[in-house]
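Chemist: The structure under discussion is supplied below as structure tokens; questions concerning it will follow.
The values are calculated or read from the model by the stated rules, or taken from the named source; none is laboratory data. Small disclaimer: the values here were computed from a predicted structure and weren't measured. Here the Cβ is made from the backbone with ideal geometry for all residues, glycine too, and neighbour counts use every protein chain on show.
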Amino acid sequence: MRKVYISIIFILILLGCEANKLDKEENNISLPKNIPSYVKHDDIKDIDWSRKAKEFDTGTGSSDMFGNKGKIGIIGPILKPNKIEKWMWHFWGVNEGEMTVVGVNRSTTKIYPILTNGDLKDDKFWSKNFAGPNNGADSHTPSNVMVSEAGEWAFMVYVNGNLFDTVVMEIRE
């Protein structure tokens, strides 16, 4: 019987340590100083990492897109670390405004802007305007994008200062 009590106590200690570890991980998220003020810690904590981007057809005869059908679709190549690529973002449910893209690397919990002018790898920014329908979407915008490291990424997309959707994908070397 004594072994049972010791086992239960040991399990409770382990569970308490694991819960404490999770609390510390959440508190280790630090937002960059220049990030827009409407991006909140809770938005990052609430990322559904199991909701992966999927490829889909818009039925318009245009290229297949990946993302979250009915919200955000992207035409462009899968990203590789430290390589600038061109993406065409498509939005359903919004007609015009400003998009902000916040990149979150799951394993490092680092937060980055992924939009870039395409000239310099350090020339990144958070937001850009979009407008006009395209490829069956209500609005769209082209952009250059880059991530700095491999891993599981969430691209949190804000529209006009409100979290609109999150695109989760694996970036490989």
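Chemist: One residue is enough: does region 56-76 have a residue meeting the conditions surrounded by fewer than 10 Cβ atoms within 10 Å (Cβ to Cβ), at pLDDT 95 or above and in the same structural domain as Y158 (by TED's automatic domain parsing)? Explain how you work it out, then say what you get.
Modeler: First, the residues of region 56-76 that are surrounded by fewer than 10 Cβ atoms within 10 Å (Cβ to Cβ): 59, 61.
In the following step, the residues that additionally are at pLDDT 95 or above were identified as none.
Within region 56-76, none of the residues are surrounded by fewer than 10 Cβ atoms within 10 Å (Cβ to Cβ), at pLDDT 95 or above and in the same structural domain as Y158 (by TED's automatic domain parsing).
Chemist: Quick one: is T108 in contact with a Gly (Cβ under 9 Å, 6 or more places away or on another chain), within 17 Å of E152 (Cα to Cα) and assigned to a loop (DSSP other than H, G, I, E, B)? Spell out the reasoning first.
Modeler: On the way: in contact with a Gly (Cβ under 9 Å, 6 or more places away or on another chain): yes; within 17 Å of E152 (Cα to Cα): yes; assigned to a loop (DSSP other than H, G, I, E, B): yes.
Here the answer is yes, as T108 does meet what is asked.
Chemist: Would you check which residues across region 77-101 are assigned to a strand (DSSP E or B) and of a type in the set (F, W, Y) and list them? First the steps, then the outcome.
Modeler: At the first step, the residues of region 77-101 found to be assigned to a strand (DSSP E or B) are 85-91, 96-101.
Scanning region 77-101 gives W87, W89, F91.
Chemist: Could you grab me the full set of residues in region 37-69 that are under 11 Å from G136 (Cβ atoms) and β-branched (V, I, T)?
Modeler: Scanning region 37-69 gives T58, T60.
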